[in-house]
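Visitor: Structure provided below as structure tokens; questions to follow.
The values are calculated or read from the model by the stated rules, or taken from the named source; none is laboratory data. For clarity, every value in this text was computed on a predicted model and none was experimentally measured. Note: ideal-geometry Cβ built from the backbone for every residue, glycine included; neighbour counts use all protein chains shown.
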Amino acid sequence: MANVTDPLITAVQGTDPQNLMEYITRQKIYDSRFWKEECFGLTAVDVLERAAKTLKCIGGTFGPNQKPTKFLCFSLKLLQLQPDHELVLEFIQQDHFKYVKALGAFHLRLTGRPADIYEGLEPLYSDYSKLKFRGVSEWKLLYMDEFVDELMTQPFACGIALPRLPFRETLQEAGYLEEGPRPTALKEVIEEAGGLEDYLKHKARVEKSAGAIAMWEKRNKKKEKKTDSNTQKDSNTQKDSNTQKESNTQKGSIWDSIPSGDTVDQELEEWEEQVELRHLPTDNPGYEDGTKKRKSRDMKEEEPKKPKYGNLFKKEKQKGDTLVDNERPQSQGEAYWNEQRAKLGLKPLRK
């Protein structure tokens, strides 16, 4: 019964919360020794105590056999128990145990609502505590803000597929979050300085901060590019308008290209004469002169059509032939056939 979820909890994403982890990883966690010894019969408070004592790194699975880490085992245990949102926020807001904070952030990203995720995890961008990350075949050093950024922007974290998270702008338009940028530690300082530009000027010119100087140069370059693009667009529009005016003056007005009434009448008369010549009788000499093509077509139609291939079984009538298919003798008795057989040297027919 240690692998069964609490029957009183609510569904997450329409299914059992344990299904947020893949089936194979869950089976590996169930078969691990740490799960059987340390994660049996725990409550949410017990998970907090055990995690504070035993957790020394974060990660998913490691080694050639893909063994699960303790961090992954505790996260699956929280999915089984489904602690209250307030208790998860206590995991995140406490500053004594950094790995417990990372465990709470990971659980909130898996099971929380989008608005709660933004409100709960965005303050951790100002946390720069170091975390040990155990990968599949190596160790790595991470910071808390990097881990939170991975949870907020990447589809996978610690080898687990994360639920889809909508953009902050869409939640602001829907009214779930307040409009404006996310809250930062510099919000009060920027407001006291009179705005972001004034704050950057002060940091770049007075304090001569390298990061502020780089940001200030980027902003100036973007402004210069925008002004250059606008001036190029204005010059292009002026050139296009001038070229159109010149082309119109060279071509003249539209009415100049239309022919006058006399020329139209002449063209119609010529066209009617050509039509009349086509329908003239064959006795007219103009028919032969003006419509040679039509005459050749008529001649082809009058000629009888010959078969493409000759008859394979009947001989065609030729000059000098004495015997033709249609002129065979009508009397074909025994005497006739006996004469024919005698010519061939055969015996007469039997009676």
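Visitor: Can we say residue 2 is of a type outside the set (D, E, K, R), over 37 Å from the mean Cα position of the chain (by Cα) and either at pLDDT 95 or above or assigned to a helix (DSSP H, G or I) (or both)? Spell out the reasoning first.
Guide: Numbers: of a type outside the set (D, E, K, R): yes; over 37 Å from the mean Cα position of the chain (by Cα): yes; either at pLDDT 95 or above or assigned to a helix (DSSP H, G or I) (or both): no.
Here the answer is no, as residue 2 does not meet what is asked.
Visitor: Now for a separate question. Any chance the range 18-25 includes a residue that's surrounded by fewer than 10 Cβ atoms within 10 Å (Cβ to Cβ), among the aromatic types (Phe, Trp, Tyr) and over 16 Å from residue 84 (Cα atoms)?
Guide: Among the residues of the range 18-25, at least one is surrounded by fewer than 10 Cβ atoms within 10 Å (Cβ to Cβ), among the aromatic types (Phe, Trp, Tyr) and over 16 Å from residue 84 (Cα atoms), which makes the answer yes.
Visitor: Does any residue of the range 4-19 turn out to be in contact (Cβ under 8 Å) with a residue 24 or more places away in the chain and small (Gly, Ala, Ser)?
Guide: Among the residues of the range 4-19, not one is in contact (Cβ under 8 Å) with a residue 24 or more places away in the chain and small (Gly, Ala, Ser), which makes the answer no.
Visitor: If I filter the range 5-21 down to residues being in a helix (DSSP H, G or I) and out of contact with any Pro (no Cβ under 9 Å at 6 or more places or on another chain), which single residue comes out as farthest from residue 90 (Cα to Cα)?
Guide: Just the residues of the range 5-21 that are in a helix (DSSP H, G or I), to begin with: 17-20.
Next, from what is left, pick out any that are out of contact with any Pro (no Cβ under 9 Å at 6 or more places or on another chain): 17-19.
Values: 17: 21, 18: 22, 19: 25 Å.
Top of the filtered list is 19.
Visitor: Within the range 89-105, does at least one residue satisfy the condition of being part of a loop (DSSP other than H, G, I, E, B), aromatic (Phe, Trp, Tyr) and modelled with pLDDT under 90? Break it down into steps so the answer makes sense when it comes.
Guide: Here is the first cut: in the range 89-105, the residues part of a loop (DSSP other than H, G, I, E, B) are 94-97.
From what is left, the residues that are aromatic (Phe, Trp, Tyr) are 97.
Within this subset, residues satisfying the condition of being modelled with pLDDT under 90 are none.
Looking through the range 89-105, none of the residues is part of a loop (DSSP other than H, G, I, E, B), aromatic (Phe, Trp, Tyr) and modelled with pLDDT under 90.
Visitor: Can you find, within the range 198-225, the residue that is surrounded by the most Cβ atoms within 10 Å (Cβ to Cβ) among those that are charged (D, E, K, R) and either touching a Phe, Trp or Tyr at 6+ places or on another chain (Cβ under 9 Å) or not in a helix (DSSP H, G or I) (or both)?
Guide: Initially, the range 198-225 is screened for residues charged (D, E, K, R), giving 198, 201, 203, 205, 207-208, 217-219, 221-225.
Restricting the remaining residues to those that are either touching a Phe, Trp or Tyr at 6+ places or on another chain (Cβ under 9 Å) or not in a helix (DSSP H, G or I) (or both) gives 201, 203, 205, 207-208.
On the way: 201: 15, 203: 18, 205: 12, 207: 9, 208: 9.
Among residues in the range 198-225 that are charged (D, E, K, R) and either touching a Phe, Trp or Tyr at 6+ places or on another chain (Cβ under 9 Å) or not in a helix (DSSP H, G or I) (or both), the one surrounded by the most Cβ atoms within 10 Å (Cβ to Cβ) is 203.
Visitor: Of all residues being closer than 20 Å to residue 9 by Cβ and aromatic (Phe, Trp, Tyr) in the range 46-94, which is surrounded by the most Cβ atoms within 10 Å (Cβ to Cβ)? Just the residue, please.
Guide: Ranking the candidates gives 74 first.
Visitor: Only one residue in 24, 29 is over 24 Å from residue 8 (Cβ atoms) and either of a type in the set (Ser, Thr, Tyr) or assigned to a helix (DSSP H, G or I) (or both), so which one is that? Explain how you work it out, then say what you get.
Guide: Details: 29 fails: over 24 Å from residue 8 (Cβ atoms).
Criteria check complete, one pass: 24.
Visitor: Here are some conditions: (1) touching a residue at least 40 places away in the same chain (Cβ under 8 Å); (2) over 31 Å from the mean Cα position of the chain (by Cα); (3) in a helix (DSSP H, G or I). Residue 118 meets all but one. Which one does it not meet?
Guide: Just one mismatch for residue 118, condition (2).
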